[in-house]
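The block underneath contains the structure these notes are about, expressed in structure tokens.
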């Protein structure tokens, strides 16, 4: 079945540091890929998405590129802020595969940004 | 921006009791989902619902769980006889269509604590 693997956390950075959170996936079809963010005490918010190979999703300075050859969708940001502290989830939706229209999530990566 | 509303935000219940978690979807959305997140673990799919019936469910969604849309508005998740291991954050998500260009909108979640 489909699966998503994220780099283990937690990740602690200083403000203005470069962020990478690795995400790789296994899917039987042609999935769409997502990054969701969960701020403390809140629900899941879509951060960015990509629906086909080589697409780049971007939002709020975050970027991720859909790499079919390496089955990856790594999240990057050039200069993190304290307000970026949250849990980040990589996810996929693979309607043509065995998982229907559900989202399959990675384990989540806790990011803490210190001033 | 339209929101998915979940109530209550937090519920404490005794083991063996029945609980009903409620979700008000975005009005023109057709596909509804429940996910759960046990503390410190990944977000897991429970069930998807379309056209007043379950379209897909996970192995977690056993006979203790049920979903319905009783009044065409609220989308509910019922746990018939709660266990300690049902303690988790439960998220409702809705989607207008299941094609790639249509994303999921998540509610803020209900934290269920079984004591």
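For the segment A:41-49, counting C-beta atoms of other chains within 10 Å of every residue's C-beta and taking the mean gives 5. Here is the P(r) of the stretch B:1-63: all C-alpha pair distances, binned every 10 Å from 0, give 16, 45, 35, 4 in whole percents. P(r) tail, the stretch B:43-110: Cα-Cα pairs separated by more than 21 Å, 25% of all pairs.
The relative contact order of chain A comes to 37 percent, based on Cα pairs under 8 Å that sit 6 or more residues apart. Here the stretch A:1-44 is treated as a Stokes sphere of Kirkwood radius computed over C-alpha pairs; at 10 °C and 1.306 mPa s its diffusion coefficient rounds to 121 µm²/s. Between the alpha-carbon centers of the stretch B:23-43 and the stretch B:79-115, tell me the distance in whole angstrom. If we compute the Cα centre of each part, the gap is 3 Å. Relative contact order, whole percent, for chain B stands at 38, derived from Cα pairs under 8 Å and 6 or more residues apart.
Calculated on C-alpha atoms, the gyration radius of the stretch A:50-103 divided by its Kirkwood radius gives an Rg/Rh of 1.03.
Let a ≥ b ≥ c be the square roots of the eigenvalues of the Cα gyration tensor of chain A; is it rounded (a/c under 1.5), or, if not, prolate (a/b larger than b/c) or oblate? Since a/c reaches 1.5 and a/b is larger than b/c, the shape of chain A is classed as prolate. For the protein assembly as shown, the Cα-based Rg and Dmax, in that order, read 17.5, 50 Å. Peptide B:24-36 shows a mean partner chain C-beta count of 1 within 10 Å per residue C-beta.
Counting only other chain Cβ atoms within 10 Å of each residue's Cβ, the peptide A:101-112 averages 5. Compactness of chain B, taken as the C-alpha radius of gyration over 2.2 N^0.38 Å, stands at 1.01.
Read the figures in this text as sums done on the coordinates, not as results from a lab. If you're wondering where the values come from, they're calculated on a predicted model, not measured in any experiment. Cβ sites come from the backbone with ideal geometry, for glycine too, and all protein chains shown count toward neighbours.
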